[in-house]
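Novice: Sending over a structure as structure tokens; questions will come in a sec.
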Amino acid sequence: MRLTAARRRDHDRPPLVHKWRRAADRQLTPVQRSLLITWISFGVTFGSVRVITHGIRGGWLPWGNISAGGEHLHHYNIGIVTLAGLGLIAVRGDERAVGHPAVATAYGCGTALICDEFALLLDLQDVYWAKQGRLSVDVSFGVLSVLGAYLTAKPFWHEVARITRHHLVTATRGAAPA
């Protein structure tokens with residue numbers, strides 16, 4: 001089968017994802033890349049979990065809740081296990097794993113699973129569908145907002161921290177003990 005010139009050009013071009021990766025390599029430090037991946041995976045997981053839980057409750061998804069021994073497992077349990085596993089990676093100090101995108105993805109996902117059930121953890125009552133369950137949504141949007149604000153203005157926040165640190169150091173040096 002012969003390819004036309006346009007198809008050959010398209011076939012020889014790197015996929016869009018590869019172009020995005022090259023742009024990220026040029027524009028982002030490893031820390032920024034990890035934070036961005038964490039932010040994205042948090043948002044995607046939070047949104048997906050909300051859709052799935054509504055689908056299970058509304059009966060329009062073909063599966064049900066996860067149970068073990070007849071006991072309902074909340075998704076915060078999965079989040080806790082995920083973060084505990086990541087803690088083990090951090091404690092081991094595995095250099096190859098610490099900055100790996102999969103670690104940032106798992107961290108964002110695990111954190112979202114926990115934040116989505118924050119109200120349940122706070123009161124130790126299953127209030128997911130009750131009015132008090134709204135707290136979980138508010139906490140999750142708060143996490144997304146704070147991390148997003150940090151990522152969009154990172155140089156500004158670092159400059160503010162540097163100025164504040166300098167201000168506090170000079171203020172304490174200037175204040176003579178009484």
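Novice: So the check is Cβ under 7 Å with 6+ separation or different chains; which pairs have a first residue in region 154-174 that's under 28 Å from residue 35 (Cα atoms) and a second one that's in a helix (DSSP H, G or I)?
Specialist: Note: pairs meeting the criteria are 154/32; 157/150.
Novice: So in region 37-95, with the set limited to residues that are basic (Lys, Arg) and within 28 Å of residue 142 (Cα to Cα), which one is modelled with the highest pLDDT?
Specialist: Among residues in region 37-95 that are basic (Lys, Arg) and within 28 Å of residue 142 (Cα to Cα), the one modelled with the highest pLDDT is 50.
Novice: I've got another one for you. Counting just the residues of region 40-61 that are open to solvent by less than 40 Å² (accessible area, probe 1.4 Å) and aromatic (Phe, Trp, Tyr), which one comes out farthest from the chain's Cα centre (by Cα)?
Specialist: Checked region 40-61; the qualifying residue farthest from the chain's Cα centre (by Cα) is 46.
Novice: Additional query: Do any helices (runs of 4 or more DSSP H) entirely within region 76-178 hold 1 or more residues that are surrounded by 10 or more Cβ atoms within 10 Å (Cβ to Cβ) and more than 20 Å from the chain's Cα centre (by Cα), and if so, which?
Specialist: Passing ranges, in order: 118-123, 154-174.
Novice: Sticking with this structure for a sec: In region 84-108, how many are out of contact with any Phe, Trp or Tyr (no Cβ under 7 Å at 6 or more places or on another chain), among the hydrophobic types (A, V, I, L, M, F, W, C) and in contact (Cβ under 8 Å) with a residue 24 or more places away in the chain?
Specialist: Residues in region 84-108 being out of contact with any Phe, Trp or Tyr (no Cβ under 7 Å at 6 or more places or on another chain), among the hydrophobic types (A, V, I, L, M, F, W, C) and in contact (Cβ under 8 Å) with a residue 24 or more places away in the chain: 3 in total.
The values are calculated or read from the model by the stated rules, or taken from the named source; none is laboratory data. Everything numeric in this text was worked out from a predicted model, so none of it was measured. Virtual Cβ from ideal backbone geometry, glycine too; neighbours counted across all protein chains shown. Just the protein is used for accessible areas: all its heavy atoms, side chains included, with ligands, DNA and RNA removed. Shrake-Rupley method; radii C 1.70, N 1.55, O 1.52, S 1.80 Å.
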